[in-house]
Structures are given as C-alpha cells and as structure tokens.
Amino acid sequence: MYVILIVIVIFFFIGIDSAHNKIDELSYDIEMDMWDLKYSRLSYIDLSIVNFQTINSDFSVMPETVEAHLSGIKISGKILNTSSVDQSDIKFKVVIADESKEFEITQKINSGYARPFEIYIPNVPVGESDSAEMSYLESTIHFYNH
C-alpha cells in the first residue's frame, strides 16, 4: 500500500520518465545492498575494543594498539584461526576512512591458535580510526592424512 503511494508521489513530482529511471536506480541499489549483505566477507571491527572480534567463520581479530605513524596509523594485534583446519598465506584487506591496505600472514596458524600482525595504513588521521572494515581474501588450507 505504502509503496504504491510512494510511486504515485514520485510520478506526480518528477514526471513519469524521471520516476521510472529513479525507481530502476533504487531497485538496483537495493539489489546491490542485498548482494553485499548475503555474499560479503566483510566485517566491521571496533578498533577501541581489545578483544577478539569475528571477521568470518574462519578468523577473528583482536586489535591491541592503534597509534599515529608517519602520515597514517599503525594497527597491531592478533589474528585467531577459529576454523577446524590449519591455514597459512592468509590475506586480509583493511579499509579505514576510504583508505585501504591488504596484508598477509605467511606463517601457518594452527586451528585454535593466533598470530600477531601489524599493518600501516597511510593518510588516515588518528581521529578517524575508531573502526575499520576488515575482510578475509584468501588462504592456503592444510589437511593431514593419517
């Protein structure tokens, strides 16, 4: 009911062609948002909380320090392998204030264990570094046969 009323109001104020284009644009935005929610491997991390926070079903991150460094910030912490298999060559992407940086932990992280990480992200003021988007990109999984 409300959707029909909104469509009528849009047609009235901006014309049929413009309204049709606007509806298509809104429909596309909604589809992309739904895709992002369903398939995104991205998590928001609160950098002020020194505790493990879930990135995805395989990894959690604990940011321990966030400090000014050169023209940006340096984040240090630990990555925890929460999966049931050992993993190595683990790649992540961090985005803060529209600046992004990928980093890799090459050493193997056994299941249930954590490894330290450190990443420098340039051009990020300390005041804009309360939270970050962190996504898992890829890794090598180690299986053992007995």
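Throughout, read-outs are computed from the coordinates displayed, never taken from laboratory work. The structure displayed is predicted, hence computed values, not measured ones. Cβ sites come from the backbone with ideal geometry, for glycine too, and all protein chains shown count toward neighbours.
The table that follows gives values for the structure above.
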{"quantity": "Residue match in the stretch 81-94 (condition: charged (D, E, K, R), over 14 Å from L137 (Cα atoms) and touching a Pro at 6+ places or on another chain (Cβ under 9 Å))", "calculated": "no"}
{"quantity": "The one condition in (1) outside any strand (DSSP E or B); (2) at negative phi; (3) loosely packed, with under 15 Cβ neighbours inside 10 Å that T65 fails to fulfil", "calculated": "(1)"}
{"quantity": "Selection within the stretch 83-123 - assigned to a loop (DSSP other than H, G, I, E, B), out of contact with any Phe, Trp or Tyr (no Cβ under 9 Å at 6 or more places or on another chain) and in contact (Cβ under 8 Å) with a residue 24 or more places away in the chain", "calculated": "S84, A97, K108, N110, S111, G112, Y113, P122, N123"}
